[in-house]
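These notes are about the structure you will find just below.
The values are calculated or read from the model by the stated rules, or taken from the named source; none is laboratory data. Since this is a predicted model, take the numbers as computed values, not measurements. For neighbour counting, all protein chains shown are included, and Cβ atoms are generated from backbone atoms with ideal geometry for every residue, glycine included.
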Amino acid sequence: MIAMTESAIVVENLVKKYGETSALRGISFQVYRGEVFGYLGPNGAGKTTTIRILAGRSSPTGGSCRVFDRPTFKNPALYRHLGVVFEESHLYERLSGIENLRFFAALHGVPSTRVQELLQAYDLAKAATRPVRTYSKGMKRRLLICRALLHDPQVLIMDEPTSGLDPTSAAVIHEAIGHYRKQGKTIFLSTHDMTEAETLCDRVAFLNQGEIAALDQPKALMRRYGQPVVVVQLRPSVEISEIVQGTISSNQVAWEDDLLTVRLPLEQPELGNQIDHLRNRGEIITIHTQEASLGQVFRQVTGAKLE
Ligand code: ADP
């Protein structure tokens, strides 16, 4: 547990408009030093917009965004404290991994021993002299992390660092985040992966349509919004309209892998009747209970479905 005393990032009433579109509608939050802060929300919620402002690449329309008490926009003195891993960050594909890092090391005035150290730590030493275009997606992502860490920043900002990666490559990045956190650094992590958020983050914020819909420790949010459910997988023999009736509502029902999945709150008197109702309208394939999850919180506070 971190001591939530000293702020690394303070966002106050932040507004961003693109013409008529309000991407951020006056959001406020702070991230403490040494914290892994998760930033979650459906597509179009405003996550990338926030990250671009945090990284100093875009100006706020209103309000403020400060890191170590200094505004982020057009503040180069701050950038030596910030490392940014963007999903779409560019690498020089024709150059090797080591050439890419040396180029950025020179820009930051970082000694080349640091390049070697990072290539070793991120398991890229063997591939270091190969052109980046021959790298797998996981290797490129690791190289981007090395690039962001070259100057040993105090705050690491990561936009979807594991999206599209296989579990092994994602695990390497999870380990890196854990390692970095142990050094007392601060991490701002935007992700779509609720398990990642649940296991890595000290606190998470849910952003929805440019507003913070909920913010707390994952466990506290699960207690507040989640409840254990019974998950029934059904092969229906009738139309859905005959299933979504009475106490079963349409937001409890979804098609998953060709089966209709129905989520029913566990602790309620109607449960027995609801299961009988389903049994009379198809073949029940599986039935099991599920603890409250951050995915449930996501659905509840944003009204969106996880992709
Ligand atoms: P997220 O990263 O959560 O998917 P974004 O921050 O990319 O969300 O987008 C938030 C909203 O702002 C969306 O409605 C998006 O269409 C709009 N938006 C983002 N960037 C621009 C831009 N450069 N010009 C116009 N609208 C934009």
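Give the residue, chosen from Gly19, Gly83, Gly41, Gly26, that is crowded, with 22+ Cβ neighbours inside 10 Å and within 16 Å of the ligand (Cβ to nearest atom).
Working: Gly19 fails: crowded, with 22+ Cβ neighbours inside 10 Å; Gly83 fails: within 16 Å of the ligand (Cβ to nearest atom); Gly26 fails: crowded, with 22+ Cβ neighbours inside 10 Å.
When all the criteria are applied, what remains is Gly41.
Within the stretch 159-191, track down each residue that is touching a Phe, Trp or Tyr at 6+ places or on another chain (Cβ under 7 Å) and not aliphatic (A, V, I, L, M). Scanning the stretch 159-191 gives Asp159, Phe188, Ser190.
Within the stretch 117-138, being in contact (Cβ under 8 Å) with a residue 12 or more places away in the chain and either outside the structural domain of Phe68 (by TED's automatic domain parsing) or of a type outside the set (A, V, I, L, M, F, W, C) (or both) holds for Tyr122, Asp123, Thr129, Arg130, Pro131, Arg133, Tyr135, Ser136, Lys137, Gly138. Check the stretch 199-212 and report whether any residue there is surrounded by fewer than 19 Cβ atoms within 10 Å (Cβ to Cβ), among the aliphatic types (A, V, I, L, M) and touching a residue at least 24 places away in the same chain (Cβ under 8 Å). Checking the stretch 199-212: not a single residue is surrounded by fewer than 19 Cβ atoms within 10 Å (Cβ to Cβ), among the aliphatic types (A, V, I, L, M) and touching a residue at least 24 places away in the same chain (Cβ under 8 Å).
On the given criteria, is Gly164 of a type in the set (Gly, Ala, Ser), assigned by TED's automatic domain parsing to the domain that holds Ile53, within 25 Å of the chain's Cα centre (by Cα) and exposed (fewer than 15 other Cβ atoms within 10 Å of the Cβ)?
On the way: of a type in the set (Gly, Ala, Ser): yes; assigned by TED's automatic domain parsing to the domain that holds Ile53: yes; within 25 Å of the chain's Cα centre (by Cα): yes; exposed (fewer than 15 other Cβ atoms within 10 Å of the Cβ): yes.
Considered against the rule, which asks whether it is of a type in the set (Gly, Ala, Ser), assigned by TED's automatic domain parsing to the domain that holds Ile53, within 25 Å of the chain's Cα centre (by Cα) and exposed (fewer than 15 other Cβ atoms within 10 Å of the Cβ), Gly164 comes out as yes.
Total residues in the stretch 126-142 satisfying the condition of being at pLDDT 95 or above and among the small types (Gly, Ala, Ser): the figure is 2. For the stretch 257-268, the criterion of being of a type in the set (A, V, I, L, M) and part of a helix (DSSP H, G or I) is met by none of the residues.
Being under 26 Å from Phe103 (Cα atoms), surrounded by fewer than 21 Cβ atoms within 10 Å (Cβ to Cβ) and either in the same structural domain as Leu278 (by TED's automatic domain parsing) or not charged (D, E, K, R) (or both): is that true of His151 here?
On the way: under 26 Å from Phe103 (Cα atoms): yes; surrounded by fewer than 21 Cβ atoms within 10 Å (Cβ to Cβ): yes; either in the same structural domain as Leu278 (by TED's automatic domain parsing) or not charged (D, E, K, R) (or both): yes.
So His151 fits the description; yes.
Tell me, please, whether a residue that is outside the structural domain of Arg203 (by TED's automatic domain parsing), charged (D, E, K, R), without any contact (Cβ under 8 Å) to a residue 40 or more places away in the chain and surrounded by 13 or more Cβ atoms within 10 Å (Cβ to Cβ) can be found in the stretch 248-258. No, because not a single residue in the stretch 248-258 is outside the structural domain of Arg203 (by TED's automatic domain parsing), charged (D, E, K, R), without any contact (Cβ under 8 Å) to a residue 40 or more places away in the chain and surrounded by 13 or more Cβ atoms within 10 Å (Cβ to Cβ).
Before we move on, is Tyr32 closer than 25 Å to Gln217 by Cβ, more than 12 Å from the ligand (Cβ to nearest atom), aromatic (Phe, Trp, Tyr) and in the same structural domain as Leu207 (by TED's automatic domain parsing)?
On the way: closer than 25 Å to Gln217 by Cβ: yes; more than 12 Å from the ligand (Cβ to nearest atom): yes; aromatic (Phe, Trp, Tyr): yes; in the same structural domain as Leu207 (by TED's automatic domain parsing): yes.
Here the answer is yes, as Tyr32 does meet what is asked.
Would you be able to say whether some residue in the stretch 271-291 is modelled with pLDDT of 90 or more, closer than 30 Å to Phe37 by Cα and in contact with a helix residue (DSSP H, G or I) (Cβ under 8 Å, 6 or more places away or on another chain)? Among the residues of the stretch 271-291, not one is modelled with pLDDT of 90 or more, closer than 30 Å to Phe37 by Cα and in contact with a helix residue (DSSP H, G or I) (Cβ under 8 Å, 6 or more places away or on another chain), which makes the answer no.
Answer with yes or no whether Arg141 is free of Cβ contacts under 8 Å to residues at least 60 places away in the same chain, under 28 Å from Leu165 (Cα atoms) and within 16 Å of the ligand (Cβ to nearest atom). Write out each step before concluding.
Working: free of Cβ contacts under 8 Å to residues at least 60 places away in the same chain: yes; under 28 Å from Leu165 (Cα atoms): yes; within 16 Å of the ligand (Cβ to nearest atom): no.
Against the criterion (free of Cβ contacts under 8 Å to residues at least 60 places away in the same chain, under 28 Å from Leu165 (Cα atoms) and within 16 Å of the ligand (Cβ to nearest atom)), Arg141 does not qualify.
Whether a residue is more than 30 Å from Pro131 (Cβ to Cβ) and more than 15 Å from the ligand (Cβ to nearest atom) was assessed, and Ser7 passes this test. For the stretch 191-207, a residue qualifies if it is modelled with pLDDT of 95 or more and within 16 Å of the ligand (Cβ to nearest atom), and the qualifying residues are Ala197, Val204, Ala205, Phe206, Leu207. Pairs linking a residue in the stretch 44-61 that is more than 10 Å from Ser190 (Cβ to Cβ) to a residue that is near the ligand (Cβ under 9 Å from one of its atoms) and part of a helix (DSSP H, G or I), with Cβ atoms under 6 Å and 6 or more positions apart or on different chains, are Ser58/Arg52.
Looking only at residues of the stretch 44-80 that are away from the ligand (no atom under 16 Å from the Cβ) and among the aliphatic types (A, V, I, L, M), we find that the one that is farthest from the chain's Cα centre (by Cα) is Ala77.
For the stretch 1-108, give me every one of the strands (runs of 3 or more DSSP E) that falls completely inside it and has 2 or more residues that are in contact with a strand residue (DSSP E or B) (Cβ under 7 Å, 6 or more places away or on another chain), within 28 Å of Gln296 (Cα to Cα) and modelled with pLDDT of 95 or more. Explain how you work it out, then say what you get.
On the way: elements: 7-18, 21-32, 36-40, 62-67, 82-85.
Once the strands (runs of 3 or more DSSP E) in the stretch 1-108 are filtered for at least 2 residues that are in contact with a strand residue (DSSP E or B) (Cβ under 7 Å, 6 or more places away or on another chain), within 28 Å of Gln296 (Cα to Cα) and modelled with pLDDT of 95 or more, what remains is 7-18, 21-32, 36-40.
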